[in-house]
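Structure record follows, encoded as structure tokens.
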Amino acid sequence: MNRAALRRAAHAEWGPLLGTVRGVLVRRKLRAVPMTVAAVLLTSVFQIIQNQPWGFEPIQRIGSVQAQLPWWLALLRTPLSLFVPALDLPMWGALAQLLIAFGIAEICLGRKRTLAIAYLATLAGTMYARLAVHIGPDSVFGLPPHAAKVIDTGPSAAVVGIAVYVTWRYRAWLTCAVVIAAMTTEALLKPNLAGKEHLAAITAMLVVCVLDELRRRRKPRDPYRARGPVARGGARGDGDGSGRSLERRTRPPEAPERPPTAYGQGPGERLPLPDACGQGSGAPATRS
């Protein structure tokens with residue numbers, strides 16, 4: 001494959017996505033991703049606090065999730081667990097994941113949808129951990145009992161879910177397949193809690209993507225809407241990252257109303273002839 005073919009393939013794969021992100025960042029810079037900046041700062045603060053002798057226990061109490069915890073407590077801690085860095089991973093890895101994945105998603109999907117996708121992916125992993133421990137190590141989908149005590153924090157499941165959803169939404173099929181294949185290989189080579197939670201997040205996102213496709217196909221289309229993908233949160237490079245739809249209508253301009261014809265101006269109209277005093281007489285006359 002020559003360079004021209006590779007360039008065309010790369011443009012078809014990443015052109016719409018990169019064009020959207022670049023267009024918004026050039027105009028608004030960091031103002032386009034306030035949620036991502038806040039997430040990076042919050043993760044940095046949590047990392048600094050939990051590295052202090054007095055700070056590890058408080059951070060674990062508000063953001064640490066384990067399969068052995070009661071349901072209600074795990075659900076309360078799950079939102080903040082996204083921003084508590086995993087203890088066995090370097091800090092720069094968590095920050096890089098948040099900056100890239102959350103930043104792209106915030107521009108392309110909007111803040112609310114990005115948070116919803118991230119939370120759903122993380123929640124899918126948390127629910128799977130409980131189910132896997134209950135199944136046991138005898139099944140390929142199960143986990144040994146000691147996995148219930150593993151501290152489950154970090155944005156990795158959310159990042160994987162966001163990557164699958166965004167690449168599916170922008171039709172970057174090869175990238176989506178690479179992400180799924182990489183996570184599957186990781187789970188096969190290292191069958192631990194994190195790897196299988198990533199597969200659970202991918203499964204949840206694929207279900208969401210299929211349901212979203214069905215909803216879009218069933219939704220009646222407005223013939224006057226502009227063709228192409230909906231410009232949501234910066235699509236086509238004209239969004240502001242807020243998730244609001246910027247789609248434009250292309251209704252044809254209405255024809256101007258024809259002014260009413262004045263009396264005696266139409267063809268065949270008869271006008272009264274003036275008499276000697278300038279008053280019209282009753283004798284009709286045809287306008288030439």
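Of all residues in the range 169-197, none that is in contact (Cβ under 8 Å) with a residue 24 or more places away in the chain has its Cβ atom under 7 Å from the Cβ atom of a residue that is assigned to a helix (DSSP H, G or I) and loosely packed, with under 13 Cβ neighbours inside 10 Å, 6 or more apart or on another chain.
Cβ-Cβ distances below 6 Å connect the following pairs, each with a first residue in the range 144-167 that is without any contact (Cβ under 8 Å) to a residue 24 or more places away in the chain, a second residue that is outside any helix (DSSP H, G or I), and a separation of six or more residues or different chains: Pro144/Pro137.
Selection of the range 63-103 for residues being free of Cβ contacts under 8 Å to residues at least 40 places away in the same chain and touching a Gly at 6+ places or on another chain (Cβ under 8 Å) yields Arg77, Leu80. When Gly161, Gly142 are checked against the criterion of being at pLDDT below 90 and either of a type in the set (Gly, Ala, Ser) or out of contact with any Pro (no Cβ under 6 Å at 6 or more places or on another chain) (or both), Gly142 stands alone in meeting it. Out of Leu89, Leu69, Leu80, one residue alone is open to solvent by less than 70 Å² (accessible area, probe 1.4 Å) and not in a helix (DSSP H, G or I). It is Leu69. With respect to Pro137, is the statement that it is of a type outside the set (D, E, K, R) and crowded, with 18+ Cβ neighbours inside 10 Å true? For Pro137, the condition - of a type outside the set (D, E, K, R) and crowded, with 18+ Cβ neighbours inside 10 Å - is not met.
Are any of the residues in the range 109-122 surrounded by fewer than 17 Cβ atoms within 10 Å (Cβ to Cβ), under 22 Å from Asp212 (Cβ atoms) and touching a Gly at 6+ places or on another chain (Cβ under 7 Å)? Yes, some residue in the range 109-122 is surrounded by fewer than 17 Cβ atoms within 10 Å (Cβ to Cβ), under 22 Å from Asp212 (Cβ atoms) and touching a Gly at 6+ places or on another chain (Cβ under 7 Å). A single entry from Leu206, Leu188, Leu214 fulfils the requirement of being modelled with pLDDT of 95 or more, open to solvent by 40 Å² or more (accessible area, probe 1.4 Å) and either over 22 Å from Thr20 (Cβ atoms) or part of a strand (DSSP E or B) (or both): Leu206.
Exactly one residue out of Ala172, Ala158 is closer than 30 Å to Gln50 by Cα, surrounded by 17 or more Cβ atoms within 10 Å (Cβ to Cβ) and touching a Leu at 6+ places or on another chain (Cβ under 9 Å): that is Ala158. Of all residues in the range 1-30, none satisfies the criterion of being polar (S, T, N, Q), exposed (fewer than 14 other Cβ atoms within 10 Å of the Cβ) and closer than 22 Å to Glu106 by Cα.
The values are calculated or read from the model by the stated rules, or taken from the named source; none is laboratory data. Please read all numbers here as calculations on a predicted model, not as lab measurements. Note that we place each Cβ from the backbone using ideal geometry, even for glycine, and neighbour counts take in every protein chain shown. Just so you know, the surface numbers come from the protein's heavy atoms only, side chains and all, with ligands and any DNA or RNA stripped out. Shrake-Rupley method; radii C 1.70, N 1.55, O 1.52, S 1.80 Å.
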